[in-house]
Each structure stands twice: as C-alpha cells, then as structure tokens.
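Take a look at the structure below.
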Amino acid sequence: MTQGIIRVGLRATLFAVGIAATAMAQQNLLVNGSFELGPSPNHSNLTISSPSTAITGWTVTGGSIDYIEAPYWQAADGSRTLDLDGNSPGGIRQTVATVPNRPYLLSFALAGNPSGDIKRLRVSAAGQNSDFEFDTAGRTGSSMGWTHKVWIFIATGTSTTIDFTSLSLPGSSAGPALDDVGLFGGGIPAFLPIGQGCPGTAGTPLLSPNQLPRIGHPFSFIVYNLPLNQLGLAFLGFSSQSWGGYSLPLSMTPFGMDGCTLYTSVDIAQLVPDLGIFGTYIWGTQIPSDPGLLGVYFGMQFLVNDPGANSAGLILSNAGFGLIGA
C-alpha cells in the first residue's frame with residue numbers, strides 16, 4: 001500500500017458517528033457467530049452431544065460441548081459462549097459459500113474453562129489448519145480473559161467447512177472456550193479491531209476503522225485517547241503469528257511498556273511527527289488501483305511517545321487486521 005497520512009484534528013470528532021456504521025457494514029459470512037441463537041441454557045450450562053444442530057448454524061462434532069450462558073461465566077460478546085469439552089472433547093463446524101483461491105480472515109475470541117491449565121484448540125478450513133492455546137492460570141468465571149485471534153486461509157472450492165476442534169486429552173470436561181466468531185473476505189473489504197491498548201497519560205489509545213480497505217480508494221483509521229503534541233509511529237505488518245523470533249501477541253511489559261501488547265509484525269513503520277493538540281488522530285493512505293492487491297492481508301498498530309506513561313515512555317494502541325477488497 002502507498003503510505004500517506006491524513007491528519008484532521010477537530011474534524012476527527014465528525015467521524016465518530018460513522019465509525020459504528022463502518023464496522024457494522026463489514027459482512028460476517030458465518031451464521032450465529034456469537035452463539036446467541038439456540039436452546040436456552042437457563043443462565044447455566046447445557047451439554048450438547050454430536051451430531052446435534054441445536055445451536056443455529058452450527059453442527060457439534062467429536063464428543064460433546066457445553067453451551068454456556070451468563071452469569072455461569074463471562075461471555076466475550078452477548079451472553080452465550082461455548083466450552084468445547086462437554087462430557088468429553090468436542091468441536092463445532094459450519095459450512096459457508098466461498099470463492100475459490102480467495103483469502104478469508106477468520107476471527108474469534110478464545111478463553112478457557114477456568115481450571116488453571118492450558119487449553120488448546122485447532123482451527124481447520126480448506127485443508128489448512130492452525131493450533132491456538134490459552135493459559136487459564138488465574139482466570140475465573142467473572143474474569144475469563146477473552147483474547148481475540150485471527151487466522152487466514154485460502155478457499156479451494158465454492159464451499160468451505162470451518163472447524164473448531166478441542167485438543168484436550170480424552171475424558172476432559174474442561175476445555176477451550178469460544179465466542180464471537182467471524183469470517184470475512186472473498187473480495188469483500190474488512191478491517192477488524194483486535195486486542196487492547198495500554199494505559200497512557202491521556203487514557204488507553206483506541207484504534208477504530210474509519211474507511212475500509214478497497215482497491216483504488218482511501219483507507220483510514222482513527223486513534224483516540226492520545227497525548228498531545230507527541231510523536232507517533234504507524235506499524236504495518238503481514239503476520240499475526242510471529243515477528244523477529246517472537247511469538248505474537250507479545251507482551252511488551254518486559255521492555256518497560258507496562259500492560260502493552262504487540263499484536264502484529266512490524267514490516268513497515270511510518271513516523272507521525274506530531275499528533276497535534278486534540279488527542280485524536282486519523283491515519284490514512286490511498287490504496288492503489290492494482291487488482292493484484294485484492295485479498296492482501298495486513299495488520300496495523302499505533303505506537304505513541306508518552307513520557308509519563310511508563311519507564312519506556314511508549315504506549316501501544318490495540319491492533320486492526322484487514323483484507324483489501326474491491
């Protein structure tokens with residue numbers, strides 16, 4: 001992408017109303033991604049065995065799952081979520097229409113039944129798969145620690161089955177927890193906020209989409225809660241899995257940035273010499289009219305100079321991950 005900056009100052013507030021509409025316009029190709037539609041767990045948990053289709057849009061696989069409703073434990077979105085280990089390890093799947101040879105971005109919130117150990121799950125689609133894990137040490141039902149993950153795959157046919165499978169040992173009844181699942185792409189632009197920023201002297205920086213990434217159009221995001229008249233750095237990366245020998249996401253606390261997390265690789269960095277006096281900044285670029293960019297996957301994050309925030313004098317926003325569309 002051609003790099004550029006759109007700096008707006010007070011005009012940034014005029015975009016605030018449009019942000020929610022922009023985010024909502026992104027099309028989730030999955031049905032019932034937050035599992036809100038299905039039989040009532042009666043504010044507790046309901047064990048559902050394979051091959052049930054009781055949860056709208058999804059088929060239970062493997063052994064069984066637990067269908068959880070707050071306040072049994074905290075959900076990432078809405079009030080319902082899943083433990084992929086019911087009476088034994090299980091999973092879920094959904095089949096969607098796809099465009100062959102196009103990339104797709106799968107996002108989901110991951111936690112675990114709070115039993116103090118590491119929970120693992122496998123995500124599979126179109127003959128590709130990746131494993132994810134979550135450490136439940138110190139977690140409780142009221143503090144699940146939900147973490148959003150992203151995964152990219154290339155569709156190979158006109159339909160694709162998305163599988164989430166518990167990797168727990170046989171007999172386990174406390175497994176990985178899943179919520180807020182979304183599938184985006186197939187030529188449709190997407191830019192999804194992921195993770196959390198870390199506290200600074202003006203609050204926690206929040207990165208939100210302003211314009212979706214389309215070939216031949218402007219793309220921009222807004223960052224709120226920024227210290228005034230400071231330097232910034234916009235990161236562009238092409239991996240959410242690893243960077244420089246480190247696994248992502250990477251805690252930056254050992255580097256003096258207390259509570260900060262790096263979510264994306266840093267493949268391109270652009271200096272913002274002055275954030276201005278309004279605490280809000282719009283970063284933007286013009287995406288070239290190049291069909292070869294269709295489906296390009298990228299992540300972005302904002303680094304800010306904030307001398308009073310921590311020993312490093314630096315803070316990070318949350319991240320955004322996107323696919324360039326038409």
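Structure notes:
- Candidates Pro227, Pro288, Pro218, Pro273, filtered to the one that is surrounded by fewer than 17 Cβ atoms within 10 Å (Cβ to Cβ), over 30 Å from Gly187 (Cα atoms) and either of a type outside the set (S, T, N, Q) or in the same structural domain as Lys149 (by TED's automatic domain parsing) (or both): Pro273
Okay, residues lined up against (1) out of contact with any Lys or Arg (no Cβ under 7 Å at 6 or more places or on another chain); (2) among the charged types (D, E, K, R); (3) modelled with pLDDT of 95 or more:
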site: Tyr246; (1), (2), (3): yes, no, no
site: Ile268; (1), (2), (3): yes, no, yes
site: Gly279; (1), (2), (3): yes, no, yes
site: Ile287; (1), (2), (3): no, no, yes
site: Asn305; (1), (2), (3): yes, no, yes
site: Gly313; (1), (2), (3): yes, no, yes
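- Criterion: more than 25 Å from the chain's Cα centre (by Cα), modelled with pLDDT of 95 or more and surrounded by 19 or more Cβ atoms within 10 Å (Cβ to Cβ) - qualifying residue of Gly86, Gly112: Gly86
- Just one of the listed residues (Thr140, Thr204) is at pLDDT 95 or above, of a type in the set (Ser, Thr, Tyr) and in the same structural domain as Met257 (by TED's automatic domain parsing), namely Thr204.
- Taken together, the criteria exclude Gly197 from residues that are assigned to a loop (DSSP other than H, G, I, E, B), on the phi > 0 side of the Ramachandran plot and in contact with a Cys (Cβ under 9 Å, 6 or more places away or on another chain).
- Each residue in segment 69-120 was checked for being hydroxyl-bearing (Ser, Thr, Tyr) and out of contact with any strand residue (DSSP E or B) (no Cβ under 8 Å at 6 or more places or on another chain), and 1 of them qualify.
- Counted residues, segment 132-146 - those being farther than 24 Å from Gly295 by Cβ and assigned to a strand (DSSP E or B): 5
- Tyr67 vs. criteria among the aromatic types (Phe, Trp, Tyr), in a loop (DSSP other than H, G, I, E, B) and within 18 Å of Leu46 (Cβ to Cβ): no
The values are calculated or read from the model by the stated rules, or taken from the named source; none is laboratory data. As the structure is a computational prediction, the values presented were derived from the model and not from experiment. With ideal geometry, Cβ positions are generated from the backbone for all residues, glycine too; neighbour counts draw on all protein chains shown.
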